[in-house]
Amino acid sequence: MFATLKFAALLLAVVVCWATQDYDYNDTEIDEEPTLGDSQYGSLWPLPQKVQISTVVFKLSGASFHIFDAKESSCGASCRLLQNAYRRYDEYIFTSSRKQGQNKSKKALACDMSELQVWITSADSECDSYPSVTSDESYKLSVDSPVAVLKAPKVWGALRGRDIHDFPRFAHRGLLLDTSRHFLPIKVILANLEAMAWNKFNVFHWHIVDDPSFPYLSRTFPQLSQHGAYHPYTHVYTPSDVKMIIEFARLRGIRVIPEFDTPGHTQSWGKGQKDLLTPCYSGASPSGSFGPVNPTLNTTYDFMSMFFKEVSTVFPDAYVHLGGDEVDFSCWKSNPDIQKFMEQQGFETDYSKLESFYIQRLLDIVTTTNKGYMIWQEVFDNGVKLKSDTVVHVWMGNKVEEELQKVTKAGFTTILSAPWYLDYISYGQDWQKYYRAEPLSFKGHFGLPRQG
């Protein structure tokens, strides 16, 4: 039941880093028990690191207000990312009034804010790049009629720059969507990306496939979605769909990290890839059902090598999520070929060693694609040898602080999702417990949060 609910809806995540970074955030200012009530900063959302409120009010008029590149900016009209953002925000702010014809006859007044100048201060603006975990998202917005100035080292800060002076406390602020259990139309994914941008989330964790369906249309193995999707034509994400979603996200400063979870959660994979999954036995005969990926066959690793080589070219982010959670050993235990392999490897009856054997080989494969990898916490807990830049994803709700302490003590960066499962919605004001969750509440073994 818990496995089914794990990705049933949405998942929020933030990253905690073990290494000390140059960062200006003072964690001593965090209240252990946040005070609930009206904010002295009005409706600023999310609350910036620093803000100064004035009683002076400036008006924005669609007849006179425009967003420009500052003369000193390293970006200009050729930066599609910023020009797209200017048009987008203009539509957000003024679409309603323009539909009603309110701006046609109005003239600019002395109290109007006439323009916002955007000044990218670094020589390399990263306009044509993809956002990464090290992207600088800091900015400063100064408002003084009739001109406001938004200064940011990189374009990623300019995309966030709506709320005075800000920089992220955590470099990874993610939301997970599961498109396997419930296929989501592209317009729904784009609407979520738009909402993420407004709320300064910067990572779309795309749990794209799982047991129920395989909607990712692979160029190398098209049979995976042909046989594994809910429908081979209407319920798949084509290469052009994926490319469009990634670009839509990039223009909003959002990374897209795909998750292809193995060796468990792979029933849909087996429908299109013969001999990939382990045949389960009932006594001495095959039962007709299948379990996790078969870790004993060389063909399994040949397939994974080709598949993840493709994934590395389709998804530009530096990381891919490899899952590794909730592996049911019962099918492996029933299979005589698996039992023989276990004996040959000296694993005796410890099937976690077989799981580690598979995961280790998979990590070696992904390493050859020059991608970093994220894994669910069970992989770390089972003692698999991990690269130093591995990101360990903590999702299990029991002993969270203890797990964070162990992971960071071992020198790994960790993403925390356990407190923010949005499918566990109850009556009343759930949001209070989400805001009371403090990612750095565990003891020791972390430096300051990484600045994005």
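The values are calculated or read from the model by the stated rules, or taken from the named source; none is laboratory data. Since we're looking at a predicted model, the values are computed, not measured. Backbone-built Cβ (ideal geometry, glycine too); neighbour counts: all protein chains shown. The accessibility values were calculated without ligands, DNA or RNA, using every heavy atom of the protein model including side chains. Shrake-Rupley method; radii C 1.70, N 1.55, O 1.52, S 1.80 Å.
Details
- Residue check for Asn370: in contact (Cβ under 8 Å) with a residue 24 or more places away in the chain, open to solvent by 20 Å² or more (accessible area, probe 1.4 Å) and either farther than 25 Å from Pro316 by Cα or in a loop (DSSP other than H, G, I, E, B) (or both): yes
- Qualifying residue in the stretch 150-167 (condition: in a loop (DSSP other than H, G, I, E, B), within 21 Å of the chain's Cα centre (by Cα) and among the basic types (Lys, Arg)): yes
- Selected residue [free of Cβ contacts under 8 Å to residues at least 60 places away in the same chain, open to solvent by 10 Å² or more (accessible area, probe 1.4 Å) and in contact with a Pro (Cβ under 7 Å, 6 or more places away or on another chain)] from Ala410, Ala437: Ala437
- Scanning the stretch 315-337 for residues being under 23 Å from Val392 (Cα atoms) and either touching a Lys or Arg at 6+ places or on another chain (Cβ under 8 Å) or not aliphatic (A, V, I, L, M) (or both) gives a total of 13.
- Test: residue in the stretch 95-113 that is at pLDDT 85 or above and assigned to a helix (DSSP H, G or I): no
Yes/no per residue for (1) in the same structural domain as Thr296 (by the TED database); (2) touching a Leu at 6+ places or on another chain (Cβ under 7 Å); (3) more than 22 Å from Ile257 (Cα to Cα); (4) polar (S, T, N, Q):
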residue	(1), (2), (3), (4)
Leu322	yes, yes, no, no
Asp325	yes, no, no, no
Phe329	yes, no, yes, no
Gln345	yes, no, yes, yes
Gln360	yes, no, no, yes
Thr369	yes, no, no, yes
Lys385	yes, no, yes, no
Asp389	yes, no, no, no
Met396	yes, no, no, no
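- Taking each residue of the stretch 317-331 that is more than 23 Å from Glu348 (Cβ to Cβ) and looking for partners that are open to solvent by 50 Å² or more (accessible area, probe 1.4 Å) with beta-carbon atoms closer than 7 Å, six or more apart or interchain, yields Asp317/Tyr130.
- Some residue of the stretch 293-313 being open to solvent by 10 Å² or more (accessible area, probe 1.4 Å) and farther than 15 Å from Leu362 by Cα: yes
- Considering residues of the stretch 340-364 that are closer than 14 Å to Ser330 by Cα and touching a residue at least 40 places away in the same chain (Cβ under 8 Å) only, the residue farthest from the chain's Cα centre (by Cα): Leu354
- Test: Phe183 is touching a residue at least 40 places away in the same chain (Cβ under 8 Å) and out of contact with any helix residue (DSSP H, G or I) (no Cβ under 9 Å at 6 or more places or on another chain): yes
- Single condition Met396 does not satisfy, out of (1) modelled with pLDDT of 90 or more; (2) open to solvent by 10 Å² or more (accessible area, probe 1.4 Å): (1)
- Among the residues making up the stretch 259-288, those that are over 25 Å from Thr179 (Cβ atoms) and either of a type outside the set (A, V, I, L, M, F, W, C) or open to solvent by 60 Å² or more (accessible area, probe 1.4 Å) (or both) are Asp275, Thr278, Pro279, Tyr281, Ser282, Gly283, Ala284, Ser285, Pro286, Ser287, Gly288.
- Pair list, Cβ under 9 Å, 6 or more apart: the stretch 69-97 residue touching a residue at least 12 places away in the same chain (Cβ under 8 Å) and open to solvent by 40 Å² or more (accessible area, probe 1.4 Å), other residue among the charged types (D, E, K, R) and in a loop (DSSP other than H, G, I, E, B): Ser74/Asp124; Arg80/Asp128
- Positions within the stretch 288-302 being under 18 Å from Asp210 (Cβ atoms) and in a helix (DSSP H, G or I), in sequence order: none
- Qualifying residue in the stretch 328-340 (condition: surrounded by fewer than 19 Cβ atoms within 10 Å (Cβ to Cβ), at pLDDT below 95 and of a type in the set (Asp, Glu)): yes
- Selection over the stretch 427-451 of residues that are at pLDDT 75 or above, part of a loop (DSSP other than H, G, I, E, B) and more than 17 Å from Val392 (Cα to Cα) gives a count of 6.
- So Thr4, is it among the polar types (S, T, N, Q), exposed (fewer than 14 other Cβ atoms within 10 Å of the Cβ) and either at pLDDT 80 or above or outside any loop (DSSP other than H, G, I, E, B) (or both): yes
- Counted residues, the stretch 222-249 - those being of a type outside the set (Ser, Thr, Tyr) and buried (at least 20 other Cβ atoms within 10 Å of the Cβ): 6
Matching residues to (1) touching a Phe, Trp or Tyr at 6+ places or on another chain (Cβ under 7 Å); (2) among the hydrophobic types (A, V, I, L, M, F, W, C):
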residue	(1), (2)
His182	no, no
Thr234	no, no
Ser240	no, no
Ala249	yes, yes
Gly253	yes, no
Pro263	yes, no
Gly270	yes, no
Pro279	yes, no
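- Yes/no for Asp178 being in the same structural domain as Arg255 (by the TED database) and not small (Gly, Ala, Ser): yes
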